[in-house]
Amino acid sequence: MDWLNLFALLWLIAGNTTLWVAYVNRTHALPLTCGTLHRLRRVHDVMIILVPLLLIVGLGLTGPKLLLGGSWAKLTPFWWCFVGACLLGGMQLVFVTIRNILQRAPEQLIDKQSETIDITKKLGAKPVEPGKYYRLAMLPMNEQFEVEFNQKTFQLESLPAELDGLSILHISDWHFMGTLSESFFKQVSDLLAQEPVDIVCFTGDLIDRMKCIDWIPETLGKLSGKYGSFFILGNHDWYQDPDVIREAVSKIGWVNVASETVELEINHAILQIGGDETPWMGTAPEFSKIAHFRLLLCHTPDNLQSARDSHVDLMLSGHNHGGQVQLPLIGPVYSPSRFGTQYASGIFWEAPTLLHISRGLSGRHPFRYHCRPEVTRIVLKTVEIPSEKSHEPGVD
């Protein structure tokens, strides 16, 4: 056994896996139907298994027989092209790992408080119903039921003094499907309702099975903001019946801001809230120049550049679930985004926009590892401008 060549082949396998993961992430960012996405995913599933076998057999045990003392010089042009592609994938893996290790929260985050609550302990049993993903939900070390209740304080230069202290509840990706029972979402809603907020915002992916639409009054219906509750839908709602879902959420008093904006006057300052459900539905909203602060609800963080072009001050997103599974050092692997895992979750400052991406509360596949579900209360603070000290004559 040539151990050095074995290591080289394992590195090529890792690079190949990285390329196929990138393929899945990018294709799942497109406005494609569930059936099409499933077919594309099957290609990934086959190639992730087939290519390692081809490398081990075609290069290691036959052909140049690299695992048996053979030479790389005997590779054909086809294999050299194949190896080159895998090497590029390996370089991408190194880049992503380094980026994940070095990533830090922006300076706009000045305080974070967090409490993890095990909903299973609150209810006395796992809130899971028999169904397609029942066994996945019951796997050991599954963090799906350990919800992180966060409070994050952001200091923004663009925030007018009249809005200092404004609180926003950001929730996203609840994925009512039936595997996680209604009791899970009711318990989380009850806990959230105990803390008053100025504004409640939901950034899409509410329904995965239309039979669960009756859950809305006893979940989202318990949440309300002093100045209102606002929502948009996501791609999973688009797969279902978005018009019916919009009507159901609007009936509990929430305001649909998809493809438009609404204005709130708070302490004589104009806060404008817009909603963006593209690329699946609608269009990007147009913000007014008279707004003192612009808040955008956008299901996917892929639309960050559009938000920056519109001078959005704060953008709230979800969609990527933090990857749901995060590996040591590497971080998230699967994230349905044009940017791969770069915006899987977290806080990003790309002037003039602060982007907050929620890991969401649930998902179609109810399994999380090193990536707890979250709900977040955001508090906005203005930047204090130091006043000039008066200088009286004769006083130093």
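The values are calculated or read from the model by the stated rules, or taken from the named source; none is laboratory data. Since the model is a prediction, treat every value here as computed from it, not as a measurement. Cβ sites come from the backbone with ideal geometry, for glycine too, and all protein chains shown count toward neighbours. Each accessible area value is taken on the protein alone, full model and side chains, heavy atoms only, with ligands, DNA and RNA left out. Shrake-Rupley method; radii C 1.70, N 1.55, O 1.52, S 1.80 Å.
With every protein chain left in place, what is the accessible area per residue of segment 255-381 in square angstrom, probe 1.4 Å?
Working: 4410 Å² over 127 residues.
So segment 255-381 comes to 35 Å² accessible per residue, rounded to a whole number.
Note the angle between two axes, namely the Cα long axis of helix 34-54 and the longest principal axis of the Cα atoms of the chain, as a number of degrees from 0 to 90, rounded to the nearest 10.
40
Return a whole-number percent for the relative contact order of the chain, with Cα pairs under 8 Å and 6 or more residues apart as the contact set.
20
Under a cut-off of 16 Å between alpha-carbon atoms, report the lysines in cross-link reach of K112, not counting same-chain residues fewer than 8 places apart.
Straight-line reach from K112, under 16 Å: K152, K381.
If amide hydrogens are placed 1.01 Å from N in the peptide plane, which non-local residues have theirs closer than 5 Å to the one on M315?
Placed amide hydrogens put L296, L354, L355, H356 under 5 Å from M315.
Provide the gained length on full extension for the span I290 to L61, in nm with one decimal, where the gain is 0.36 nm per separating residue minus the Cα-Cα distance.
Contour length minus Cα-Cα distance gives 75.5 nm.
Output the 0 to 90 degree angle, nearest 10, between the alpha-carbon long axis of helix 3-27 and the longest principal axis computed from the alpha carbons of the chain.
Helix 3-27 and the main axis of the chain meet at about 40 degrees.
Order 212-220, 94-102 from most to least packed using the mean count of other Cβ atoms within 10 Å. Spell out each step's value before the answer.
Working: 212-220: 18.4, 94-102: 12.9.
Ranked by mean Cβ neighbours within 10 Å, highest first: 212-220, 94-102.
So how tilted is helix 77-102 from the main axis of the chain? Cα-based, degrees 0 to 90, rounded to 10.
The angle comes out at about 30 degrees.
If I take R0 = 51 Å and measure r between the Cβ atoms of H370 and H268 in this structure, what FRET efficiency does the formula 1/(1 + (r/R0)^6) give, to the nearest 0.05?
0.65
Using the Cβ atoms and a cut-off under 14 Å, what net charge is assigned to the surroundings of P301, where Lys and Arg are +1 and Asp and Glu are -1? Working shown, then result.
Numbers: positive: R308, R338, R359; negative: D173, D205, D276, E277, D302, E350.
Residues near P301 contribute -3 overall.
Under the 0.36 nm per residue contour assumption, what length would be gained going from the current alpha-carbon distance of Y134 and L327 to full extension?
Details: separation 193, 0.36 × 193 = 69.48 nm, distance 2.33 nm.
Value of the extension gain: 67.2 nm.
Rounded to the nearest Å, what's the spacing between the alpha carbon centres of segment 1-73 and segment 258-321? Just the number, please.
40
Less than 13 Å Cβ to Cβ from S189, Lys/Arg counted +1 and Asp/Glu -1: what total charge do the surrounding residues give?
-1
First compute the accessible area of the chain with a 1.4 Å probe, then give the percent of it belonging to carbon and sulfur atoms.
Carbon and sulfur together cover 57 percent of it.
Counting helices only, and only those DSSP H runs with n ≥ 4, report the 222 nm mean residue ellipticity of the chain as the sum of -39,500 (n - 2.57) divided by its residues, in deg cm²/dmol to the nearest 500.
Only helices count here, giving -9000 deg cm²/dmol.
What does the net charge come to around H311 if you take all other residues with beta carbon closer than 10 Å to its beta carbon, with K and R at +1 and D and E at -1?
Local charge sum for H311: +1.
So which lysines can K121 reach, going by Cα to Cα under 18 Å and dropping same-chain residues fewer than 8 places off?
K186
List the lysines whose Cα lies under 17 Å from the Cα of K65, skipping any in the same chain that are fewer than 8 positions away.
K74
Please give the length that would be gained between V255 and D214 if that part of the chain were fully extended, namely 0.36 nm times their separation in residues minus their C-alpha to C-alpha distance (nm, one decimal).
Extra length available between V255 and D214 comes to 12.9 nm.
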